[in-house]
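So the structure is just underneath, and the comments pick up after that.
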Amino acid sequence: MLTFNEVIESFARITPKKLAVQDEKQKLNFYQLAINGNNLAQFLLSKGVKKKDRIALISYNCIAYAEIMYATAKLGCLIVPINFRLSLSEIVGVLNDSKPVFLFFEKNFDKEYFSIKAMNLIDNNHYISLDSSEIGIGCYHYNDCITFTNKDLIKHEPSTINDDWSLMYTSGTTGKPKGVVRSQGGYYLLSNTTAIELSIKKNDTALIVMPLCHANSFNFFCAYLTVGASINIYSKKSFEVKHFFSLINSNNITFTSLVPTHFIIILDYLKEHNITNALDRVFSFMISSAPARKDTKIDILKYFKLAKLYELYGSSESGWVTMLHPSEQFDQLGSVGKECVGSKPIKILNVKNEEVKDGEIGELYANTPYNFSYYWENKIKTEEAFLDEYITVGDLAFRNKKGYIQLVDRKNNMIISGGENIYPSEIENVLGSHTKIKDVAIVGYPDNKWGEIVCAFIILHKEEYLTKDELILFFKNKLSNYKCPKKIFFIHDNEMPKNATGKILHKKLKEKVINYIERD
């Protein structure tokens, strides 16, 4: 097995001039990527970076990701990609937990940079601006880092496949961020499994649309480069269908992974413009990060007649767990496929950790060869996630008669909106801190575009008054935009369904949303 930097170095020798990665500003072949990545590694070494240090990055998708991935892999450091949709307080929480020794940032996050710098969260002014001309004081310029030369190479402890490489933050059922750690060897195995499942070839090119701070895009990024294929990065802040097709057609893209919301936006565009066959060649689509409705799948295959449609189920912790292949789509609509190659059989367990019969619902446990190593600085949650060599993230599922896995509930009350996991308890804690609010419950409600939207049920203290606009102003300063409730309902105490112990029954409340929408 090879570390990520060794993968790049091998193709820098074998196919040095072949395109490795490009965004909408520049291109890098494998040789150039290796040179830039090595220069960056030497720069970090010159500033005292050592093995096991964390290197954080907050940016929209850009080519710098590839160079930073190379440098961290070579040094045996952990890359910490920060979700750019997080609020400042959430970003600070990630930084306080991971304690990075360097922070790379894009100009769009200058305000966050200045706030973080004022808090002295990172020692020695170890900040690197990816946009050299934008920020001049108190940080290093990225171009200087990737062109850094030193007469005498700084020696360092070589990285190995057993070294931790990525620290990606996700949210658990409590809504508190957990840092998921995966090793270099884990990514090598995950990349090879991906290559086998998708039959990736060296002349393929993947379009990375979803944020690289997400495990989905990060995993596919590694997989395509591991086999010597090419990566094209979608760099715009928002998803634009016309631009999406322009990139696909002008760069001979053969694969992309999208969330159902992307497909809904694409299909609406095609219907509006009466386009019946958007691509006249074979193309591979992956549906991932959220369940897709059956009618969405049918429309995808209707409008992309030559498309190969895949769907996967996975998690930050387990990587890819199941894969549904193109030939199985119509026979197994509603399923997420069977175990990926190389994985042990999925276990569906009851509350006693006993395997249930096919067709019965239980908690899904996966044992992949690239399972995550542990939750960063969180031994208790790590122990809760593992059952021997199996891992659970709390999803409920069943295995049908043909051996295919069907998901029933994604972590119970979790809301999935536009491919983003949203945890009601996190929002409830924020809204519950308002002095006028007595009680609050957050549920998801089906939405054609986003999959689900966030709905808030609010009970005010007696004789208190609060408008929706006042509440929106309150939570917009405390929550990322995608977590903000889109529907707000003020209700009375007796309208909040609770069990005998006083716990709010989210499922029953969710069933009542339509009534409140009509009443509103």
remark   = Short to long, in 10 Å steps from zero, the percent of alpha-carbon pairs of segment 188-409 per bin is 8, 32, 35, 19, 6, 0
remark   = Only helices counted: for the chain, with every DSSP H run of 4 or more residues adding -39500 (n - 2.57) and the sum spread over all residues, [θ] at 222 nm is -9500 deg cm²/dmol
task = Give, rounded to the nearest 20 debye, the magnitude of the charge dipole that the chain has about its Cα centre when Lys and Arg contribute +1 at Cβ and Asp and Glu contribute -1 at Cβ.
result = 460 debye
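Neighbouring Cβ atoms within 10 Å as the yardstick, rank S115, S246 fewest first.
Working: S115 15, S246 11.
With the fewest neighbours first, S115, S246 line up as S246, S115.
Taking every pair of distinct Cα atoms and averaging 1/r, then inverting, what Kirkwood hydrodynamic radius in Å comes out for segment 415-519? Intermediate values should be presented prior to the final figure.
Details: mean 1/r = 0.0712 Å⁻¹.
This gives a value of 14.0 Å.
Among S238, S98, rank each residue by its count of other Cβ atoms within 10 Å, from fewest to most, as a rough exposure measure.
Details: S238 5, S98 19.
Fewest-to-most ranking of S238, S98: S238, S98.
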query = Fewest to most neighbouring Cβ within 10 Å: what's the order for M69, M323?
reply = M323, M69
inquiry  = Checking the table K107/K449; K449/K483; K347/K402 against a 23 Å threshold on Cα-Cα, which pairs fail?
reply    = K107/K449
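Sort 366-377, 10-21 by packing, meaning the average of other beta carbons within 10 Å per residue, with the highest value first. Display every interim value, and only then the final one.
Details: 366-377: 21.2, 10-21: 16.9.
Answer by packing, highest mean first, reads 366-377, 10-21.
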remark   = Sequence order, segment 187-195: Karplus ³J(HN,Hα) from phi using 6.51 cos²θ - 1.76 cosθ + 1.60, θ = phi - 60°, Hz rounded, Gly and Pro as x, gives 5, 5, 5, 4, 5, 5, 4, 4, 4
query = If amide H atoms are built 1.01 Å from N in the plane of the peptide, which residues on other chains or at least 5 residues away come under 5 Å of the amide H of S183?
reply = W165, S373
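Starting with the highest mean, order 443-449, 354-360 by the number of other Cβ atoms within 10 Å, averaged over the residues of each peptide.
Numbers: 443-449: 16.4, 354-360: 11.9.
The most tightly packed comes first, giving 443-449, 354-360.
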key: Counting DSSP beta bridges with both ends in the chain, the antiparallel % (nearest 5)   = 55 percent
Cα gyration tensor, segment 110-248 - rounded (a/c under 1.5), prolate or oblate = rounded
query = In whole Å, how far is the Cα centre of segment 261-307 from that of segment 87-129?
reply = 39 Å
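Beta carbons within 10 angstrom, averaged per residue: use that to sort the peptides 302-312, 464-474, highest first.
Put in order of decreasing packing, that is 302-312, 464-474.
Taking every DSSP beta bridge that has both residues in segment 66-190, what percent is antiparallel when rounded to the nearest 5? Display every interim value, and only then the final one.
On the way: 7 of 13 bridges.
In segment 66-190, approximately 55 percent of DSSP beta bridges are antiparallel ones.
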ask   = For A20, which sequence-distant residues (separation of 5 or more, or a different chain) have an amide H within less than 5 Å of its own amide H, given hydrogens modelled in the peptide plane?
value = L28, N29, F30
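Can you count the Lys pairs in segment 201-346 with C-alpha separation below 13 Å, eight or more apart or on different chains?
Details: K271/K302; K294/K302; K297/K305; K297/K308.
Taking the Cα cut-off of 13 Å, the pair count is 4.
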request  = Return the lysines within reach of K508: Cα separation strictly under 16 angstrom, same-chain partners fewer than 8 residues apart disregarded; answer none if there are no such residues.
outcome  = K498
message = To make sure I understand the rule: partners must be aspartates and glutamates, Cα under 14 Å from the Cα of K381, and not fewer than 8 residues away in the same chain. Which ones qualify?
response = E317
query = Under 20 Å from the Cα of K52, which lysines turn up, not counting those fewer than eight places away in the same chain?
reply = K74, K99, K155, K178, K379
note = Quick shape check on segment 324-414: root eigenvalues a ≥ b ≥ c of the Cα gyration tensor, a/c under 1.5 is rounded, otherwise prolate if a/b tops b/c, else oblate, and it reads prolate
Three-way shape label, segment 255-319, alpha-carbon gyration tensor, a/c 1.5 = prolate
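Read-outs throughout are calculated quantities, based only on the coordinates presented, and are distinct from any laboratory measurement. Just so we're clear, the structure is a prediction, and the values are computed from it rather than from any experiment. All Cβ positions, even for glycine, are placed from backbone atoms using ideal geometry, and neighbour counts span all protein chains on display.
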